[in-house]
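Comments concern the structure below.
The values are calculated or read from the model by the stated rules, or taken from the named source; none is laboratory data. Everything quoted here is computed from the prediction, not taken from an experiment. Here the Cβ positions follow ideal geometry from the backbone for every residue, glycine too, while neighbour counts run over all protein chains shown. We work out accessible area using only protein heavy atoms, side chains counted, and drop any ligands, DNA or RNA first. Shrake-Rupley method; radii C 1.70, N 1.55, O 1.52, S 1.80 Å.
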Amino acid sequence: MLSRAARPALRAGVAAAARPATLNATNAATYATLREIEGRLKSIRNIEKITKTMKIVASTKLNRAQRAMTESRAYGQTSNTVFEQAETKPVEGEGKKTLIVVCSSDKGLCGGIHSGMSRKTRKILLEKPNTDLVILGEKCKSQLGRSNGKNIVLSFAGIGKDVPTFADAQAIADQISLLPTDYSSIQIIYNKFINATSYEPVEIEAFSEEAIANSPNFSAFEIDDEVLSNLREYALANSLYWALAEGHACEQSARRNAMDNASKNAGDMINKFQILFNRTRQAVITGELVEIITGAAASEG
Amino acid sequence: MAFAWKAAGLTYNRYLAVASRVVRRSLNEEKRLQAERRGEMDLRFAKWENGKQGENKSLASANEAAMAEHAGQGQSS
């Protein structure tokens, strides 16, 4: 996954490296190129400074995000244990719709984590075109809004400014449960945090009331029918919180890696340009010397 | 109905949010400031129809409005 995160920065590096080579060939050893190279060198240095700072910011945020993620895992896993014990399975109802909740965020500059999620969503949509989408975060909204705008029923913005809170998850879960359509199952797609450099889009299931009531081992729990809808709403909020927190941690770590790579590329480019700059300067001086000497020789003779 | 909050049109999540807000507010001063940050929610949302994005609305106020509407239905039925 590291290579994917590095791709846009690499591409920019290749494009920029290709440019001066042709420039150098056409009007070599003139004052204009010297000044141009100097200007470019300066701007790359500035970019390096920016990416380095962003990396440091992302690193500190990553620590907090990871702590929030481990805490949120308790929420998600505890509520999942209930369904595992009850052996709940999604109902294969005819004509009933599935809802997909995509957990991305508002901010970019973090490699391919949003597009990876959009790709997974599109793959699912190809198999089941009659699926509704709820999208959290601007990034996936703009990506999926272009290709699958007809499937979207709700979109949320304002996610990813800070570590997601449980209040966020609750409010989203409320708004989702207020949707008029009765969904047979709700799938939440989020980026699973594997380690600091890798993540993958996965889905977790949030079950409908019917699915919970029909689960084979349901009698193990003493639940009144009346409380069932509460359980479902609460489980949805739990899963959402888990997905949001884990997605947030992935985003921060991806951003850290992307900025790390960008700084590295900028460093490489600075080295390259420094050498080019020195060579050009040397060439200019040599040229001048040659001119002076030939001039002197000519006037003497 | 068994639950008073349900009759008032609240969802379980809303009920939990209100309850946790009360707990947070009754904390000590310095602990409360930290805890209240965990209860903040500032999201916006938009409904989509036929591939077009609707108006951006604040999620908190929309949830409250929806629940108030729900409350009316709960009493009439």
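Using alpha carbons only, how many degrees (0 to 90, rounded to 10) separate the axis of helix A:166-177 from the longest principal axis of chain A?
Once rounded, the angle reads 60 degrees.
Averaged over A:177-190, how many beta carbons belonging to a partner chain fall within 10 Å of each residue's beta carbon?
Mean inter-chain Cβ contacts per residue within 10 Å come to 1.
Please report the net charge: other residues with Cβ closer than 12 Å to the Cβ of A:L99, K and R +1, D and E -1.
With Lys, Arg at +1 and Asp, Glu at -1, the neighbours total -1.
Dividing the alpha-carbon radius of gyration of the range A:211-258 by 2.2 N^0.38 Å (N being the number of residues), what value is obtained?
My calculation over the Cα atoms of the range A:211-258 gives 1.75.
Hey, what did the range B:15-77 get for relative contact order, percent, Cα under 8 Å, at least 6 apart?
Contact order relative to length: 19 percent.
Project the alpha carbons of the range A:262-301 onto their principal axes and report the range along each, largest first, in whole Å.
For the range A:262-301, the Cα extents along the three principal axes come out at 57, 6, 5 Å.
R0 = 45 Å: FRET efficiency of A:T81 with A:K264, Cβ-based, nearest 0.05?
So the FRET efficiency works out to roughly 0.55.
Got a number for the accessible area of A:R256? Probe 1.4 Å, square angstrom, nearest 10.
70
Work out the length of the dipole vector of the range A:150-271 about its Cα centre, built from +1 on the beta-carbon of each Lys and Arg and -1 on the beta-carbon of each Asp and Glu, and round it to the nearest 20 debye.
Charge dipole of the range A:150-271: 800 debye, to the nearest 20.
Dividing the alpha-carbon Rg of the range A:85-223 by 2.2 N^0.38 Å yields what?
Taking the Cα Rg and dividing by 2.2 N^0.38 Å, one obtains 1.10.
How high is the relative contact order of the range A:96-230, in percent, with contacts defined as C-alpha pairs under 8 Å that are six or more residues apart?
Averaging sequence separation for qualifying contacts and normalising by length gives 28 percent for the range A:96-230.
Report, in degrees rounded to the nearest 10, the 0 to 90 angle that the Cα long axis of helix A:138-148 makes with the longest principal axis of chain A.
With rounding to tens, the tilt is 80 degrees.
Can you tell me how chain A classifies by the Cα gyration tensor, rounded, prolate or oblate, using a/c under 1.5 as the rounded cut?
Cα axes put chain A in the prolate bin.
Compute the FRET efficiency between A:L179 and A:E38 as 1/(1 + (r/R0)^6), taking r as their Cβ-Cβ distance and R0 = 51 Å, and round to the nearest 0.05.
0.30
Projected onto the charge dipole of chain A (+1 at Lys/Arg Cβ, -1 at Asp/Glu Cβ, origin at the Cα centre), which of A:V163, A:G116, A:I189 gives the Cα projection farthest towards the positive end?
So the residue we want is A:G116.
Determine which aspartates and glutamates satisfy two conditions relative to A:K264: a Cα distance under 14 Å, and not lying fewer than 8 residues away in the same chain.
A:E48
Quick one: putting +1 on the C-beta of Lys and Arg, -1 on the C-beta of Asp and Glu, what dipole do you get for chain A around its Cα centre, in Debye to the nearest 20?
1920
Give the accessible area for B:L33 in Å² (nearest 10); use a 1.4 Å probe, count only protein heavy atoms, and leave out ligands, DNA and RNA.
Its accessible surface works out to 90 Å², give or take rounding.
Specify which residue in the list A:G76, A:G137, A:I285 is farthest towards the positive end of the charge dipole of the protein assembly as shown, using unit charges on the beta carbon of Lys, Arg (+1) and Asp, Glu (-1), about the Cα centre.
Working it through, the farthest residue towards the positive pole turns out to be A:I285.
If r is the Cβ-Cβ distance from A:D224 to A:K49 and R0 is 56 Å, what FRET efficiency results, to the nearest 0.05?
Step by step, r from the Cβ atoms, then E = 0.35.
Across peptide A:151-159, what mean number of C-beta atoms from other chains lies inside 10 Å of a residue's C-beta?
Average neighbour count from other chains, rounded to a whole number: 5.
Could you give the angle, 0 to 90 degrees to the nearest 10, between helix A:113-127's Cα long axis and the longest principal axis of the Cα atoms of chain A?
Helix A:113-127 sits at roughly 50 degrees to that axis.
What's the local net charge at A:A157, with K and R +1, D and E -1, over the other residues with C-beta under 13 Å away?
My count for the surroundings of A:A157 gives +2.
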